[in-house]
Amino acid sequence: MDWQGQKLAEQLMQIILVAFAVVAFLTGYVLGSFRMMLLIYAGGVVLTTLITVPNWPFFNRHPLKWLDPSEAAKHPKPQAAAATTSKKKATKK
């Protein structure tokens, strides 16, 4: 799942859960049934889980292009943090 897919999954989760919460509350209020309200909301949670948890193809529309290992070897990571701390310690003495 790419970054945009994670954002989409989060938005879908929030929208679906809020929608089911509103529908469950209204149905429970009209029918006077707390049990019906909980069953509707539980169904919404299960549906939300089935939609957002698996790595569906529409969550991977913008795949990341990783750096080739041979290219990564040509560009070593900078060691700036270690060099600046040793210089600061030397100037304090």
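Observations, loosely collected:
- Residues in the stretch 1-30 that are farther than 14 Å from Thr49 by Cα and modelled with pLDDT under 95 were compared, and the one that is most open to solvent (accessible area, probe 1.4 Å) is Trp3.
- Candidates in the stretch 32-52 are the residues that are exposed (fewer than 12 other Cβ atoms within 10 Å of the Cβ) and hydrophobic (A, V, I, L, M, F, W, C); of these, the one that is farthest from the chain's Cα centre (by Cα) is Phe34.
- Residue match in the stretch 58-66 (condition: surrounded by 13 or more Cβ atoms within 10 Å (Cβ to Cβ) and modelled with pLDDT of 80 or more): yes
- Selection of the stretch 1-31 for residues being under 25 Å from the mean Cα position of the chain (by Cα) and of a type in the set (Phe, Trp, Tyr) yields Trp3, Phe20.
The values are calculated or read from the model by the stated rules, or taken from the named source; none is laboratory data. Because the structure is predicted, anything quoted here is derived from the model rather than measured. We place every Cβ from the backbone using ideal geometry, glycine too, and count neighbours over all the protein chains shown. Please note that ligands, DNA and RNA were not included when accessible areas were found on the heavy atoms of the full protein model with its side chains. Shrake-Rupley method; radii C 1.70, N 1.55, O 1.52, S 1.80 Å.
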